[in-house]
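Comments concern the structure below.
The values are calculated or read from the model by the stated rules, or taken from the named source; none is laboratory data. If you're wondering where the values come from, they're calculated on a predicted model, not measured in any experiment. Cβ coordinates were reconstructed from backbone atoms using ideal geometry, including for glycine residues, and neighbour counts include every protein chain displayed. The protein model used for the area step is the full one, side chains on, heavy atoms only, and it has no ligands, DNA or RNA in it. Shrake-Rupley method; radii C 1.70, N 1.55, O 1.52, S 1.80 Å.
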Amino acid sequence: MSRIGKVPVKIPSGVEVKITGRKIDVKGAKGSLSREFPAELNVEVSNGEVVVTPVNVEAEGTKALWGLYRVLINNMVVGVSTGYRIDLEIVGVGYKVELKGQDLNIAAGLSYQVLFKLRPGLVYKIDGPNKIIIEGIDKESVGQAAADIRRIRPPEPYKGKGIRYAGEQIRRKAGKTAGK
């Protein structure tokens, strides 16, 4: 038995879940998401909950799919009801970010400025010259956009300069010591 998969997903008020064939559609106040699920799983809506069950528990890989799709459906329900948000910080002298239309223009110590295009379903916001806020209803796309922005200039271990997640702890190295 999958410990995660057997827990039903509670549907909050204002969220509508509809299943047609092998596709699940979730609509809420923030928008709508849809995803197809594999033939190894049954997905049902009953008593204000989404229940995911395997067709054959003994088949190889079914338990992993069971837990995975339960979590994916839960992420969809949370996304359309409250949404997701990731904050990024830019640390370094001369490092800054600004909005250029709806795109991000990032100066992170490179010889050029990086223009990070707006991705569908996301909203970029700036809180001062050194803080980026990424919001959206799809957890996967919000996290991927944050990871791609961080990849422009990951934090380095000696001075801590670079783009990091808000609250991320960077393991610092001592560096060289001057010798005689």
Original post:
How long are the three semi-axes of the equivalent ellipsoid of the stretch 1-86, in whole Å, if each is the root of 5 times an eigenvalue of the C-alpha gyration tensor, listed from largest down?
Top reply: 23, 13, 11
Original post:
What value does the chain have for Rg/Rh, both radii from Cα atoms and Rh as Kirkwood defines it?
Top reply: 1.12
Subject >> Among the listed pairs 27/96; 131/159; 18/131; 27/125; 10/125, those beyond 28 Å (Cα-Cα) >> reply: 27/96; 18/131; 10/125
Subject >> Hydrodynamic radius by Kirkwood, which averages 1/r over all alpha carbon pairs of the stretch 135-179, in angstrom >> reply: 12.3
Original post:
Once both labels are modelled 7 Å past Cα along the beta-carbon direction, what's the residue 53-residue 82 spacing in nm?
Top reply: 3.0
Original post:
Per residue, how much accessible area does the stretch 94-180 show when a 1.4 Å probe rolls over the protein heavy atoms, in square angstrom?
Top reply: 65
Subject >> Accessible surface of the chain, 1.4 Å probe, proportion on carbon and sulfur as whole % >> reply: 50
Original post:
Taking the alpha-carbon centroid of each part, what is the distance from the stretch 97-127 to the stretch 131-178 in angstrom?
Top reply: 15
**OP:** Using only protein heavy atoms and a 1.4 Å probe, report how much of residue 27 is accessible, in Å² to the nearest 10.
**Re:** 110
Original post:
Any idea what Rg and Dmax come out to for the stretch 43-119 if you just take the C-alpha atoms, in Å?
Top reply: 21.1, 58
Original post:
What 222 nm value per residue comes from the helices of the chain, counting each DSSP H run with n ≥ 4 as -39,500 (n - 2.57) and dividing by all residues, nearest 500 deg cm²/dmol?
Top reply: -6500 deg cm²/dmol
Original post:
At a probe size of 1.4 Å, how large is the accessible area of residue 17, to the nearest 10 Å²?
Top reply: 20
**OP:** Rank 105, 47, 130 by mean-square fluctuation in a GNM of the chain with C-alpha springs under 10 angstrom and give only the top-ranked residue.
**Re:** 47
**OP:** Go through the stretch 54-118 and name the chymotrypsin sites (Phe, Trp or Tyr not before Pro) that are in a DSSP coil and have 11 or fewer other Cβ atoms within 10 Å of their Cβ.
**Re:** 112
Original post:
For residue 7 and residue 172, what does the FRET efficiency come to when R0 = 45 Å and r is the distance between their Cβ atoms, rounded to the nearest 0.05?
Top reply: 0.70
**OP:** Would you work out the relative contact order for the stretch 50-180, in percent, from Cα pairs under 8 angstrom that are 6 or more residues apart?
**Re:** 24
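Sorting 177, 53, 62, 82 by accessible area (1.4 Å probe), largest first, what list results?
On the way: 177 125, 53 50, 62 5, 82 90 Å².
Ranking 177, 53, 62, 82 by accessible area, largest first, yields 177, 82, 53, 62.
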